[in-house]
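None of the figures in this text is laboratory data; all of them are computed from the coordinates on show. Here the structure is a predicted model, which is why all the values come from computation and not from measurement. With ideal geometry, Cβ positions are generated from the backbone for all residues, glycine too; neighbour counts draw on all protein chains shown.
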There are 2 protein chains.
Amino acid sequence: MPRKPAAATAALDLPLDRIIEGDCIAAMAALPEASVDLIFADPPYNLQLKGELHRPDNSQVDAVDAAWDRFASFEAYDAFTRAWATEARRVLKPDGAIWVIGAYHNVFRVGATLQDLGFWILNDVVWRKSNPMPNFRGKRFTNAHETLIWAARSDAGRPVFNYDAAKALNEGLQMRSDWVIPLCTGAERLKGADGAKLHPTQKPEALLHRVLVTTTKPGDVVLDPFFGAGTTGAVAKRLRRRWIGIEREPAYVEAARRRIEGVRAVSEEAASATPSKRAEPRVAFGQLVERGLLRPGEVLRSACGRKQARVRADGTLVCADATGSIHQIGAHLQRAPSCNGWTYWHFERDGAVVPIDALRSAIRAEMQV
Amino acid sequence: MPRKPAAATAALDLPLDRIIEGDCIAAMAALPEASVDLIFADPPYNLQLKGELHRPDNSQVDAVDAAWDRFASFEAYDAFTRAWATEARRVLKPDGAIWVIGAYHNVFRVGATLQDLGFWILNDVVWRKSNPMPNFRGKRFTNAHETLIWAARSDAGRPVFNYDAAKALNEGLQMRSDWVIPLCTGAERLKGADGAKLHPTQKPEALLHRVLVTTTKPGDVVLDPFFGAGTTGAVAKRLRRRWIGIEREPAYVEAARRRIEGVRAVSEEAASATPSKRAEPRVAFGQLVERGLLRPGEVLRSACGRKQARVRADGTLVCADATGSIHQIGAHLQRAPSCNGWTYWHFERDGAVVPIDALRSAIRAEMQV
DNA sequence: GTGAGTTATGAATCTTGAA
DNA sequence: CTTCAAGATTCATAACTCA
């Protein structure tokens, strides 16, 4: 891993767990390259609203009309996107990744720009709002979702994905690309002195929770170049990730700072993701033989019992016409391109047929102690 | 409606309810401009698959590897998209609309191109697959959705949207932008002579059903430039829409033709949309007075009873400080920008409080006879 | 305190026809 | 073209009022 030292040095210069007040492009340009693990970006959507909208009860909809959401043209918006995404890519570590959230107004342009810059899209994830605002005039479908793009810095990168944690969050089923999460309302929604919402587009913490639990590790550096009300920082602190926020509006900076001060981090144990199987210590099949858990010469069988091979002292298997690893021989006998030998092969003890993976688990349990 | 005659003339030249075998760009170029009501496009996704993928049981995933899905670069894909979408826009009527379906590999580029060409996005709709293929490698979230873009030919267009039909399809609630529909499997999936699926990306009829019921009227012309297995034609025929398919592969053309021959159209009544309130004949408030359903001088009240006004012989209302239509006086008394007087005002008969809209309904019922 | 009823509100590209 | 006016249109949730 030739990158470790560089990253470690860079980390010294990082303004961790702080909000940088200023323009995100300039602020990112001042950060060292290859220093950040994950970026979460919630850029302006460029909504292009015309006129006012009233509900059927004649109350007025409080729309997004901030200056920061207005762009002169698609070209201007694209140029802005290219500029910030280029800097974002520069500060990402090689195995880093980015999340960008958007709606149909902007997300297609953002996605295409990310691809053009060399980002490699891993998933688009749909945030399905359980309580969206209806379409009051009945002219379209209720706009009930927003889209997140999850992309690696490049197609060569290997970004963090806590598969088992994601599965656990989804009650034991693989997590899908559509997430049902309510809007940010009630006590979670930051209010100004006048009691009105402080920020027009504050994101729910549940969304960031899912992003950070599934695609970062504790201690990872998470950068949010459009920090706004600071949801990314609040959730990162709670989950024991390091964070950097960039925000232009002093009012948002101040509110986010106070908000994050009030957040307490969970315990280290709670912050650690469900351990991934891949991250568990490797065990060589030969260790089972070395430790006497399997005898050289012992016969292993497939689950159905139709295929068999014999264990050799060096931890290889031998069958009628080949010799090799548990994986190779399993694949060979099935005429399959590959095979997980740990789950394919079984042995017999006291009349019961047991997968050899049970022995690997036993060794790992010992290693934990 | 100055466009009617032109469209009617053009329709004479249209190859309706037929499949054109050939390249979609050339074929669309041969169609008259402003002649089509709706386009449904399922272009190649440019999947960029590398190598083979196997399930945990070692069976091979039958991936999309057709030549028509391969492009040399994003630039080549964009040029292709621009070419077909430009022709598509030309053949659309001014109030026409387009649906395009895609996945994260291509949909961002397609959406941005549509916007660049002047299409006006109305919604992005998420097709949530109830039975997606899992992610076998456990490296990403299960890719459980595809995205459809619904766009008007321009921001000045007024595309068909059968709001009430959509609401009815969704059990009386506004239809949202996320649709749960299963993959096309089982008997619906066309099979080749070898029993294998005929087309790698055949779309479910339920998807087209929803698209056509909500955004076309019976008799509308629906064009599908990437006809494939002909789902658009099959559903259009069933729902009594006219259709045009364009497809390059002779095998698909032949299969789609046979498939559509076997489809029977539903009855005219079944094909008609839930009637919209906007489409009902206009009734002037004055007619209620003329017919003696309300007496000049009679008092009307708001539902809560707090506001009131008096009916005049000419069909206007008068309150303490203003005179005007039922809508104007309702808005005035509420200090609201507008008001639907038909539902706001109530009168009393035999002790019951009745909205004046009940009288309008009675008149409309008479007009039917 | 409790429950029923009322009001407020959320990233919104949100009308149509006649004159 | 523009202007004017008719009139069609909302779901989930939280907070508040009041009996």
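For this structure, a couple of remarks:
- Calculated FRET efficiency for the pair B:A265/A:A187, C-beta based, R₀ 41 Å, to 0.05: 0.15
- Zone of B:L173's modelled label, taken as backbone nitrogen in the range A:182-207 under 20 Å from a point 7 Å along Cα→Cβ: A:182-186
- With Cα atoms, 0 to 90° folded angle of helix A:205-215 axis to chain A main axis: 40 degrees
- Cα gyration tensor shape for the range A:194-282, rounded if a/c is under 1.5, else prolate or oblate: prolate
- Charged-residue dipole, Cβ positions (Lys, Arg, Asp, Glu), the range B:285-367 about Cα centre, Debye nearest 20: 180 debye
- Pairwise label distance in nanometres, A:A34 with A:D57, each label 7 Å out on the Cα-Cβ vector: 5.8 nm
- Each of B:C184, A:C304, A:C319 was scored by other Cβ atoms within 10 Å of its Cβ. Listed from fewest to most, they are A:C304, A:C319, B:C184.
- Peptide A:328-340 has a mean of 2 when you count, residue by residue, the C-beta atoms of other protein chains within 10 Å of its C-beta.
- Pseudo-label separations to other copies for B:R349 - Cα-to-Cβ vector, 7 Å, nm: 8.7
- In the range A:285-367, Cα pairs under 8 Å separated by at least six residues give a relative contact order of 22 percent.
- On Cα atoms only, tilt of A:74-91 relative to the major axis of chain A in degrees: 50 degrees
- Spin-label model distance (nm) - A:A196 vs B:D357, 7 Å beyond Cα toward Cβ: 3.1 nm
- Each copy carries a label point for B:T185 at 7 Å from Cα along the beta-carbon vector; from one copy to the others these points are 3.6 nm apart, nearest first.
- Between amide H atoms placed 1.01 Å from N, distances below 5 Å from B:N135 occur with B:T142, B:N143, all of them 5 or more places distant or on a separate chain.
- Long-range HN-HN contacts of A:I244 with modeled amide H, under 5 Å: A:D17, A:V222, A:L223, A:D224
- Distances between equivalent label points of B:A270 across the copies, with each point positioned 7 Å along Cα→Cβ, amount to 5.8 nm, shortest listed first.
- Computed from Cα atoms, the angle from the helix A:357-368 axis to the main principal axis of chain A rounds to 70 degrees.
- Note on chain A: Kirkwood radius taken over Cα pairs, Stokes-Einstein applied at 25 °C and 0.890 mPa s, translational D equal to 103 µm² s⁻¹.
- 3J(HN,Hα) couplings calculated from phi for the range A:118-129 with the Karplus curve 6.51 cos²θ - 1.76 cosθ + 1.60 (θ = phi - 60°) are, in sequence order, x, 4, 10, 5, 9, 8, 9, 10, 9, 8, 8, 7 Hz; Gly and Pro show x.
- Counting only lysines at least 8 places from B:K139 when in the same chain, those with an alpha carbon closer than 16 Å to its own are A:K167, A:K217, A:K277, B:K50.
- Label separation (B:A284 vs B:A156): 3.3 nm, computed from points 7 Å beyond Cα along the C-beta direction.
- Modelled FRET efficiency - R0 60 Å, B:E348 with A:R82, Cβ distances, 0.05 increments: 0.35
- Likely footprinting exposure, A:W243, B:W127, fewest C-beta neighbours within 10 Å first: B:W127, A:W243
- Net charge of neighbours whose Cβ lies under 12 Å from the Cβ of A:V266, counting Lys and Arg as +1 and Asp and Glu as -1: +3
- Taking the fewest neighbouring Cβ atoms within 10 Å as the starting point, the ordered list for A:M28, B:M367 is B:M367, A:M28.
- Legend: mean number of C-beta atoms from other chains within 10 angstrom of residue C-beta atoms, peptide A:133-140, equals 5.
- Note on the protein assembly as shown: dipole from Cβ charges, positive end direction compared against B:A236, A:A151, B:I363; the farthest Cα belongs to B:I363.
- Linear extension gain, A:Q334 paired with A:F74, 0.36 nm per residue minus alpha-carbon span: 88.1 nm
- Note on chain B: helix-only mean residue ellipticity at 222 nm, from DSSP H runs of 4+ residues weighted -39500 (n - 2.57) and normalised by residue number, equals -9000 deg cm²/dmol.
- In sequence order, the range A:29-42 has phi-based couplings of 4, 7, 8, x, 6, 6, 10, 10, 7, 9, 10, 10, 10, 10 Hz under the Karplus curve 6.51 cos²θ - 1.76 cosθ + 1.60, θ = phi - 60°, and Gly or Pro positions carry x.
- For chain B, a simple Cβ point-charge model (Lys and Arg +1, Asp and Glu -1, everything else neutral) yields a dipole of about 940 debye relative to the Cα centre.
- At R0 = 45 Å, FRET efficiency that the Cβ-Cβ distance of B:E254 and A:S272 yields, to 0.05: 0.15
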